[in-house]
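Just so it is clear, none of the values below were taken in a lab; they were calculated from the coordinates. The shown structure was predicted, so the numbers you read here are calculated from the model rather than taken from an experiment. Please note: Cβ atoms are built from the backbone with ideal geometry, for glycine as well, and neighbour counts cover all protein chains shown.
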Amino acid sequence: MRFGICVGTDAKKIEILSRTGFDYFETNTTDITTAGDADFSEFAACIEKFGLPCEAANCFVPGEIRLCAVQPDYKTISEYVQKAFLRASQCGVKTIVFGSGKARSVPEGMKTGEAFDRLAFFLREIVAPQAERYAIDLAIEPLNKNECNIINSVPDGIELADAVGQKRVKTLADLYHMYLEDDSMEALAATKGKIIHAHIANPVERRFPKPGDGFDFAPFLGALKSAGCPRCSVEAGCDDFAADAPAALEAILGANA
């Protein structure tokens, strides 16, 4: 398994990360998609300068795009998705993460089943062709019920991916959300081929993992290995990135031994 950290487009953090032993970094899809050409070129140059691969990108769809609206603006949605995948491909991204809690939330008055079908349509008809075109996987991220009112558990994410029925649309396992939703590590371990990406944090306060922080990361990492997950990114807060990033890697590698 390869390990990275979510750092958005922060050049200083990418520089620090390039010296810590992490395998890649995870950027922000919305930020790179909506950036002006000059800013995007500067970010792309940053990737080349520091030599750390940008293998994943989270925050796929911005909140102002409402995927489950009564009448979704599919022209705007399609144009955004096309640009997002183009920009991601230019950065070397292998997996885009579909959390986007506000964008995918179920509006008042709409049945959950109808919203589920709309999300499946979005992923199958709009996202999957771009994923295939650019050879980029899409990982559905289950979010806890405090952040979104649909797709809250790993089984929910797998159910949606199965409904989409496209080989590049799979599921993400996030330790923080799994912890809040009491998702089963045993069930996660049995999802061979279903989990394409993961996020890790000390879920008690959503902070960077640290050696001796009192949380046992081994069951989660072991379940990911059993499931065949290829990558796992730290997604959490920290006090001092330069000090906490290498400490996070030490904690993860120790629990992954």
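For S100, S18, the sequence from fewest to most other C-beta atoms within 10 Å is S18, S100. Enclosing the Cα atoms of the range 2-255 in their convex hull gives a volume equal to 115 cubic angstrom per residue. In this label model, E250 and A11 are separated by 3.0 nm, measuring between points 7 Å along each Cα→Cβ vector. Cβ crowding within 10 Å ranks E15, E55, E64 as E64, E15, E55, fewest other Cβ atoms first.
If the chain linking R2 and A38 were pulled fully straight, counting 0.36 nm for each residue of separation and taking away their Cα-Cα distance, it would gain 9.9 nm. Give the calculated FRET efficiency between T20 and Q90 to the nearest 0.05, with a Förster radius of 30 Å applied to their Cβ-Cβ distance. Result of the calculation: an efficiency of 0.75. Given the options T171, T112, T29, state which has the largest fluctuation in a GNM of the chain using a 10 Å cut-off (strictly under) for Cα springs. The residue with the greatest mean-square fluctuation here is T112.
Within the chain, the whole DSSP H helices whose Cα atoms reach 18 Å or more along their own axis and whose mean Kyte-Doolittle score is at least 0.0 are 37-50, 241-255. The count of lysine pairs in the range 31-162 whose Cα atoms are under 28 Å apart, excluding pairs fewer than 8 places apart on the same chain, comes to 13. Using the Cβ-Cβ distance between K210 and T112 with R0 = 22 Å, the FRET efficiency computed as 1/(1 + (r/R0)^6) comes to roughly 0.05. In a fully extended conformation the segment linking Q71 and K83 would gain 2.1 nm over its present Cα-Cα distance, using 0.36 nm per residue. Entry for the range 18-164 at q = 0.16 Å⁻¹: log10 I(q)/I(0) = -0.85, Debye formula applied to identical alpha-carbon scatterers, no solvent contribution.
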